[in-house]
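The values are calculated or read from the model by the stated rules, or taken from the named source; none is laboratory data. Just so it is clear, the model here is predicted, and its values are computed rather than measured. Backbone-built Cβ (ideal geometry, glycine too); neighbour counts: all protein chains shown. These accessible areas exclude ligands, DNA and RNA; they are computed on the full protein's heavy atoms, side chains included. Shrake-Rupley method; radii C 1.70, N 1.55, O 1.52, S 1.80 Å.
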Amino acid sequence: MNGSSQTGGQARPMVEIVGMLDDGPDSLTGKALRIVEQAEVLVGGTRHLAFFPGHPAEKWPIRGPLGPLLERLDAETRRVVVLASGDPNFFGIAGTLASTLGRDRIRIHPNVSAMALAFARVRVPWDGAVLHSVHGRSMDGLVEVVRGAAKVGLFTDAQNSPAAVGRLLLAAGLTGYRAYVCEHLGGVQERVVETDLPGLLQQEWAPLNVLVLVRE
């Protein structure tokens, strides 16, 4: 793990941001796995940290507001690895860390984006698709994002679920889309369900999913 920044005369190692899929360490390259193994502080969501139960690093779970965590990261002088999903630079934590710590303080090791996996699973090219996220974000403006698009890839969450998206789009009079809900991509619980917009309202969906809409 090479590279550091200098603040107040004290060298601080780069913060390494490592993307992984839902099968954890099996999704990492040898280089990325070595970076994780060398961490002195391991940061990530509960499910990410659970993949490394025997790791000797101090573990900082990501939960709640990020402000306090970002302050700790900014002051930390040990080797820090942040575990993230897929490509951390695509609707992920890398942008937040870059704006807080500075781009010269971070190094990003992307994995395959869950968005790319979703389009691969439904066998639809994703060039030209409109890509958006309502994961932890407002659904304001989503109707305008979808309207007129031939293909849409959408990160959702437990609150802004595929069912909530379908309800919103139908209320706006949008029809004529095939919908593919891709859950737990890359993991043992992976499931891809094809339906239509009304069908999105008929099921409970896993919080970890990508919704692909393709105009018929």
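Which one of Phe90, Phe119, Phe51 has the biggest mean-square fluctuation once the chain is modelled by GNM with Cα springs under 10 Å? Sorting by GNM fluctuation, first place goes to Phe51.
Length gained on full extension, Ile62 to Glu204: 48.6 nm, using 0.36 nm per residue less the C-alpha separation.
Computed from backbone phi, the HN-Hα couplings of the stretch 12-21 come to 10, x, 4, 8, 8, 10, 10, x, 9, 9 Hz, rounded to whole numbers (Karplus: 6.51 cos²θ - 1.76 cosθ + 1.60, θ = phi - 60°; Gly and Pro given as x).
Just report the Cα centroid separation between the stretch 181-216 and the stretch 88-130, whole Å. With the stretch 181-216 and the stretch 88-130 each reduced to a Cα centre, they are spaced 20 Å.
Where only protein heavy atoms count, and the probe is 1.4 Å, what is the accessible area per residue for the stretch 1-125 in Å²?
49
Tell me, what % of the accessible area of the stretch 163-206 is carbon and sulfur with a 1.4 angstrom probe? Each step should come with its number before you reach the end.
Numbers: 990 of 2100 Å².
Of all accessible area on the stretch 163-206, carbon and sulfur atoms account for 47 percent.
Structure remark: mean-square fluctuation, Gaussian network model of the chain, C-alpha springs under 10 Å; the largest value among Val152, Val188, Val143 belongs to Val188. Contact order, relative form, for the chain: 20 percent (alpha carbon pairs under 8 Å, 6 or more residues apart, mean separation divided by residue count).
Can you tell me the FRET efficiency between Arg72 and Arg191 if r is taken as the Cβ-Cβ distance and R0 is 35 Å, rounded to the nearest 0.05?
So, using R0 = 35 Å, E works out to roughly 0.45.
For Arg79, the residues whose amide H sits under 5 Å from its own are Glu40, Val41, ignoring neighbours fewer than 5 places away on the same chain, with H placed 1.01 Å from N.
Here the chain carries DSSP beta bridges of which approximately 50% are antiparallel, counting only pairs with both residues inside. Derived scalar couplings between HN and Hα for the stretch 211-216 equal 9, 10, 10, 10, 5, 7 Hz in order, rounded to whole Hz, by the Karplus curve 6.51 cos²θ - 1.76 cosθ + 1.60 (θ = phi - 60°), x for Gly and Pro. Using the Karplus relation 6.51 cos²θ - 1.76 cosθ + 1.60 with θ = phi - 60°, the per-residue 3J(HN,Hα) values for the stretch 104-117 come to 7, 9, 10, 9, 9, 10, x, 9, 5, 5, 4, 5, 4, 4 Hz, with x marking Gly and Pro.
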